[in-house]
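These notes are about the structure you will find just below.
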Amino acid sequence: AQLRYSVPEDREPGSSVGDLAKDLGVEVRSLTARSLRLVSESGQRHFQVDLAAGVLLLDSRLDREALCGQSPTCSLHLQLVMENPLQLHRVEVDVLDVNDNAPQFPKPEVVLEITEVANPGTRLPLEVAEDPDMGSNSISTYELSPSEHFALSINVRGDGVKMPEIVLEKALDREKVAVHHLTLTALDGGNPVKSGTAKVTIHVLDANDNPPVCDPPISTVYLEENMPVGTLVTKLNVTDLDEGPNGDVEYSFKISNNAPGKFTKLFSLDPRTGEIRTKGLLDYEESSAYEIAVRARDKGSPAMEGHCHLRVELIDVNDNSPEIVLTSLSSPVLEDATPGTVIALIGVKDSDSGDNGQVRLQIAKELPFKLVSSFKEHFSLVTNGPLDREKASGYNITVRAVDSGSPQRATQKTFYLQIADVNDNAPNFSSPFDTAHIQENALPGTSVFSVSASDPDEGSNAKLSYSILHNGMQDVPISTYFRIDQDNGTIYTVRALDYEQDKVFQVPIEVKDAGSPALSSTAVVHVFVLDENDNAPTIVYPSVPKGSAFHQTIPALAEPGYLVTKIVAVDADSGHNAWLSYQLQEDAEAFPFQVERRSGEIRVAQALRESEDPHRLVVEVRDNGTPSLSASVVLVISPEENSIQDFSKSLDLPKSSPKDNNLTLYLIISLVSISLVSCVMFAVVAARCL
């Protein structure tokens, strides 16, 4: 918003200028919380804010003439900055003129000379009185004390300044009156009226009775700023009807206390030709016009003079580049900031005027920001779309200011805006399914597998912790088998695993970040237990107590190939560890019997002799594991006369017991489990390949 107040220049410090809280539409009690502060664009402190009352107060007495000189308007520009949300308000205070200065002449006494042969209508220019006040409080008119020969004439200059002249109304006679004493009074238009006086002494002279005359007496010249030094401004046209020395004119600047010697540093005057040239570089931004008074004086005796008034008005040239001022910047900004969030307050100014001072502000179109005009020469940079820190953690924003001059002038300012992270990304595993293998009976604390997850956020939003979830697939919680390092995702065993009890585990892993609110994702690790040869073969048939022997009778006349019996053994392990082989112990004596290595059948190898004694055989069952494990059984084979057995009797197999049935069931379940696990593995591999 932009506020405008006015205050007379003679107000006492502490006087109220305006009700800020009311005009801004905010509560008085919120001003302190929003850190209201006052910034003067001129750098001088003339005002203060009463936060308790919400009003703008004078901090010091204002002097309009000291602040703005002879400018027709006098305004002080302030900026009000409020936080939460960030707002910038512009305050313009007009300083009103008060008639506190009386007119004053440059000299308290003026001495003029006039020849006695001067014709009625002859004009004698007078010094202009000065009044620092402006408008109606400045000089309004002049008055001259009553005189028989002289009257007062007032001319208005191009800039509105009234110039008094004494006009001869009646011919003079030096022999009667040689000196005339008059009083010139300058009156301003204030209320009450103030005045200043100067004594005017006119000496009546003889001879040279034609003064130099400037044609025209008041003229205006237009000149572009920054013209080279030595450029001709104008040549004065002055005539003097006298001849000889009385008509020979010399030119000189007429210095005024209004701007003592200022234009003499910028312009030069040829005293003989009347040519006025530039002496220094003219700057429109410093002054747009100059008033030059020239005195044309002849060499007569007494000398007579005329006065030329020249107004030089400068034409603005686009010689100033725009200036960008970054008033405020909110950095960093959260990546979830809504469109329209104010990021920065930017001011721009150009010292040129007209189109040369009209400035446009631009930023790159591909940026997710836009410029919004707050009020004249002030802009707000706001978000124009969603921000994503994971795509861009910051932006180098270049603001370009271009004026409307010809040729155009531009300037740019670059600042960096940082994007603050918001926990808007869940952690992500490198793979939702993983496979690991571990040997059974591995020591507790053995590393099984390491899962890995990543989070594109940063800081605490990207700090990950791993944990194991209970999936309910095992009767015993999965945490009793495995644990995970919450920092690096390494899975360890809690206890030794038994392949014969559990062949595969599904370990659900959850990874969670430390954001607020926390985000998470899950993955499953299939842990396959590898079999180890930790179970020795078990002889199912014949079943004899430990340390005892199994007695088997065969016919005494059994021929080679006769099936004596069959050793049946099982191994709880699987694969190669469960492949069994049967053999007689190496240290046993040579027997007329042989054992089939794979089937365990014991057959007669050679014909038996009559009246042969019983044979004691030790059969060893060994698996194919590393190291190999074994079991043995002692058989006592006794040949008997008239012993005839069929195949079933020779085997002498006992009836199956519930224990044997359970063992068979276990074998079937193991086979089915191994098949299912193999199918699952093939399905996982196929899915990952797809």
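The values are calculated or read from the model by the stated rules, or taken from the named source; none is laboratory data. Note that the coordinates shown come from a computational prediction; the quantities given were computed from them, not determined experimentally. Positions of Cβ are backbone-derived with ideal geometry, glycine not excepted, and every protein chain shown enters the neighbour counts. All accessible areas refer to the heavy atoms of the entire protein, side chains included, with ligands and DNA or RNA removed. Shrake-Rupley method; radii C 1.70, N 1.55, O 1.52, S 1.80 Å.
Quick look at the numbers
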{"read-out": "Read-out Cα extents along the principal axes in Å, derived from the coordinates shown; its label in (1) 137, 61, 39; (2) 76, 73, 47; (3) 200, 55, 33", "value": "(3)"}
{"read-out": "For Q439, distant residues with modelled amide H under 5 Å away", "value": "L530"}
{"read-out": "Spatially proximal aspartates and glutamates relative to K413 (Cα-Cα < 14 Å; intrachain offsets below 8 disregarded)", "value": "E323"}
{"read-out": "Part-to-part distance (alpha-carbon centres) for the range 119-152 and the range 197-238, which is given in Å", "value": "19"}
{"read-out": "Order of exposure, largest accessible area first, which applies to H77, H551 with probe 1.4 Å", "value": "H551, H77"}
{"read-out": "Over 24 Å between alpha carbons, listed pairs K170/K235; K162/K262; K254/K299; K107/K194", "value": "K170/K235"}
{"read-out": "3J(HN,Hα) from dihedral phi, the range 509-519, Karplus parametrisation 6.51/-1.76/1.60, rounded to Hz, x for glycine, proline", "value": "10, 10, 10, 9, 8, 9, x, 9, x, 6, 10"}
{"read-out": "For the chain, calculated [θ]222 nm from helices alone, where every DSSP H run of n ≥ 4 adds -39500 (n - 2.57)", "value": "-2000 deg cm²/dmol"}
{"read-out": "Translational D in µm²/s for the range 323-417 (Stokes-Einstein at 37 °C, 0.692 mPa s, Kirkwood Rh from C-alpha pairs)", "value": "235"}
{"read-out": "Sparsely packed trypsin sites (Lys or Arg not before Pro) within the range 1-85, loop by DSSP, other Cβ within 10 Å at most 14", "value": "R29, R45, R61"}
{"read-out": "In the range 461-569, trypsin sites (Lys or Arg not before Pro) in a DSSP loop with at most 12 other beta-carbon atoms within 10 Å", "value": "R495, K546"}
{"read-out": "Those aspartates and glutamates that a straight Cα-Cα span of less than 17 Å connects to K279, excepting residues fewer than 8 apart in one chain", "value": "E224, E225, D270, E291, E313"}
{"read-out": "Calculated from backbone phi, Karplus (6.51, -1.76, 1.60) coupling profile of the range 367-381 in Hz, x at Gly/Pro", "value": "6, x, 9, 8, 9, 10, 6, 7, 7, 3, 6, 9, 10, 10, 9"}
{"read-out": "Using θ = phi - 60° and Karplus 6.51 cos²θ - 1.76 cosθ + 1.60, couplings along the range 349-357 (whole Hz; Gly, Pro as x)", "value": "8, 9, 6, 6, 10, x, 5, 5, x"}
{"read-out": "Residues whose placed amide H lies under 5 Å from that of S75, excluding near-sequence neighbours", "value": "V95"}
{"read-out": "Sequence-distant residues sharing a close amide H with E169 (under 5 Å, placed H)", "value": "G121, F150, A151"}
